[in-house]
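The values are calculated or read from the model by the stated rules, or taken from the named source; none is laboratory data. Small disclaimer: the values here were computed from a predicted structure and weren't measured. Here the Cβ is made from the backbone with ideal geometry for all residues, glycine too, and neighbour counts use every protein chain on show.
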Amino acid sequence: MTDTTAFIIFGASGDLTTRKLVPALFSLHRKGRLPSGFRLIGMARSPIDPAAFRASLRAAAAPADAAAWTSFEARLDYLRGDPTDPQSLARLEAKLSGAETGDGAAHRLYYLATPPHVYADVVQRLGAAGMVDRRRGWRRVIIEKPFGSDLASAQELNRLLHRVLDEEQIYRIDHYLGKETVQNVLVFRFANSIFEPLWNRNYIDHVQITVAETVGVEHRGPFYDRVGVVRDMFQNHLLQVLAMAAMEPPASFDAEALRNERIKVLRAVRPFEPGDIAGRTLRAQYDGYRQEAGVAPDSTTPTYAALRLSIDNWRWQGVPFFLRSGKRLAAKATSIVIQFKSVPHVMFPLPPGQGIQPNSLAICIQPDEGMHLQFQVKEPGTPAGMRPVDMDFHYANDFGPGAIPEAYERLLLDAFMGDPSLYTRNDSIELAWALVDPILRAWEQPSAPPLLHYAPGTWGPAESGAWLAADGRAWSSDCVRHEP
């Protein structure tokens, strides 16, 4: 028997297909990891000939291996249509079923690279057309972010999807969880006995999670002005990375065991109350944002935010987690920094007022992927002089340049294999929205903390450093090549 696996991209004429999805699939093809009988069908409303579709993908991918691309593009097809239109879906069904002959299983993976407001409509149309029926093979749907715009809309979207699909068929993608360095957090913690005993309130002073971007809103002005940095980065990426860094060790590497532990972290995050928004949050906007194309001239949408979170459980009680993200910052960097506590007693004859810099562990997620463990050493030729040094690990040095696959490559492979470990479950989505909704509502009130401003190319508003300094701490730049 010969099985077939069809990958259908709705909204295939968009940028996501050419930049992320097809390059990831081509890499899997070269490695021999695509499922048996694989073929891709792109659907969009654009009047594109299938041959022109394949040519545009080749031009965008610029493959170095021409022979591999030739064999890959033979699996690519295009069908003009609208996934919310029953007639278009009927034509798609005819094309799919025409190739799903024989006695083997006929699997399908649908990818919604469409505007978010049609997600529910597309899925309901698929259900009405019988195109998610699992009698001949599995049927799965990948849904891009944003998944809702607040808690109520996320709950409604989940409700509509569950009318048609079981939760196990829904794959809500967050490409940050597909990053090799994020996944390595689990191996680093749970495969090395020297770190996990220290991963708690007894030894850790605080944790910083940073996602810094050098770009502005670019061509996304109208979208970003409705969304802002909290919806764009915190509700999904940063909270999921937080859950990976703070979770308890699962009993097994099973998908549900992993996701259950991440859920427990989000449930334990202390909710934001109206009275503590001013002390636990900070928002800002880069100078020139209001002049970006598609942005309102009086916009108060934040492009930078910093949050102070507390996790109320046995492991993390009393350990603050500082999350920050912004656009037009000084460097592109994503990192998790574990700041350990100071030594309890200084026995060395240091100058008055001088202490010992605490140890820190920087997990650099991008762009210089690796880890830096900072500790104190004695300076030669001094009685007790000391300075911090780094013990470094760089992926490029140990595994070679280009060893880290794109996040979409791992995530698509997992979807084909039916492994949802790195995808977001419905309760995780709703818990994340429940955490950030009070912040967004409070920022819309007249009594909201002021909207600060910062110059592009800096590390955000000056008040951000003062905000952390008031807590007796400072932002880390361990994963940044150039100091602010």
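Looking at the structure I just gave you, is Leu109 in a strand (DSSP E or B) and within 24 Å of Ile173 (Cα to Cα)? The answer is yes for Leu109.
One line per residue, one yes/no per condition, for (1) in contact with a Ser or Thr (Cβ under 6 Å, 6 or more places away or on another chain); (2) of a type outside the set (Asp, Glu); (3) free of Cβ contacts under 8 Å to residues at least 60 places away in the same chain:
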| site | (1), (2), (3) |
| --- | --- |
| Arg328 | no, yes, no |
| Ile336 | no, yes, no |
| Gln339 | yes, yes, no |
| Pro344 | no, yes, yes |
| Pro352 | no, yes, yes |
| Ile365 | yes, yes, no |
| Val377 | no, yes, yes |
| Pro380 | no, yes, yes |
| Met391 | no, yes, yes |
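The listed residues are Leu79, Leu109, Leu89, Leu96, and the only one of them that is in contact (Cβ under 8 Å) with a residue 60 or more places away in the chain, more than 29 Å from the chain's Cα centre (by Cα), closer than 29 Å to Leu28 by Cβ and assigned by TED's automatic domain parsing to the domain that holds Ser46 turns out to be Leu96. Please work out which residue is surrounded by the most Cβ atoms within 10 Å (Cβ to Cβ), limiting yourself to the stretch 64-101 and to residues that are within 30 Å of Gln124 (Cβ to Cβ) and modelled with pLDDT under 90. Selected residue: Glu100. Examine the stretch 461-474 for a residue that is among the basic types (Lys, Arg) and touching a residue at least 60 places away in the same chain (Cβ under 8 Å), and state whether such a residue exists. The answer is yes; a qualifying residue exists.
Candidates in the stretch 446-465 are the residues that are under 30 Å from Leu361 (Cβ atoms) and either of a type in the set (S, T, N, Q) or outside the structural domain of Asp298 (by TED's automatic domain parsing) (or both); of these, the one that is surrounded by the fewest Cβ atoms within 10 Å (Cβ to Cβ) is Thr458. When Asp298 is tested against (1) of a type outside the set (Val, Ile, Thr); (2) surrounded by 16 or more Cβ atoms within 10 Å (Cβ to Cβ); (3) farther than 30 Å from Asn200 by Cβ, exactly one condition is not met: (2). Can Asn397 be described as among the polar types (S, T, N, Q), touching a Gly at 6+ places or on another chain (Cβ under 9 Å) and within 30 Å of Lys20 (Cα to Cα)? Here the answer is yes, as Asn397 does meet what is asked. Look at His162 and say whether it is within 19 Å of the chain's Cα centre (by Cα) and either hydrophobic (A, V, I, L, M, F, W, C) or under 27 Å from Phe147 (Cβ atoms) (or both). For His162, the condition - within 19 Å of the chain's Cα centre (by Cα) and either hydrophobic (A, V, I, L, M, F, W, C) or under 27 Å from Phe147 (Cβ atoms) (or both) - is not met.
Looking only at the stretch 102-121, residues that are surrounded by fewer than 21 Cβ atoms within 10 Å (Cβ to Cβ) and charged (D, E, K, R) come to 2 in all. When Ala128 is tested against (1) at pLDDT 95 or above; (2) under 30 Å from the mean Cα position of the chain (by Cα), exactly one condition is not met: (2). Figure legend. Inter-residue proximity from the stretch 145-162: first residues loosely packed, with under 15 Cβ neighbours inside 10 Å, second residues in a loop (DSSP other than H, G, I, E, B) and at pLDDT below 95, beta-carbon distance below 9 Å, spacing 6+ or different chains. Indicated pairs: Glu156/Gly148. Scanning the stretch 131-143 for residues that are of a type in the set (D, E, K, R), in contact with a Gly (Cβ under 9 Å, 6 or more places away or on another chain), assigned to a helix (DSSP H, G or I) and at pLDDT 90 or above turns up nothing. Do we have Arg283 as in contact (Cβ under 8 Å) with a residue 60 or more places away in the chain, buried (at least 22 other Cβ atoms within 10 Å of the Cβ), over 16 Å from His206 (Cα atoms) and not hydrophobic (A, V, I, L, M, F, W, C) here? The answer is yes for Arg283. Does the stretch 41-49 contain at least one residue that is surrounded by fewer than 18 Cβ atoms within 10 Å (Cβ to Cβ) and closer than 20 Å to Ala99 by Cα? Looking through the stretch 41-49, at least one residue is surrounded by fewer than 18 Cβ atoms within 10 Å (Cβ to Cβ) and closer than 20 Å to Ala99 by Cα.
Look at Leu186 and say whether it is closer than 30 Å to His372 by Cα, assigned to a helix (DSSP H, G or I) and under 24 Å from the mean Cα position of the chain (by Cα). So Leu186 fits the description; yes.
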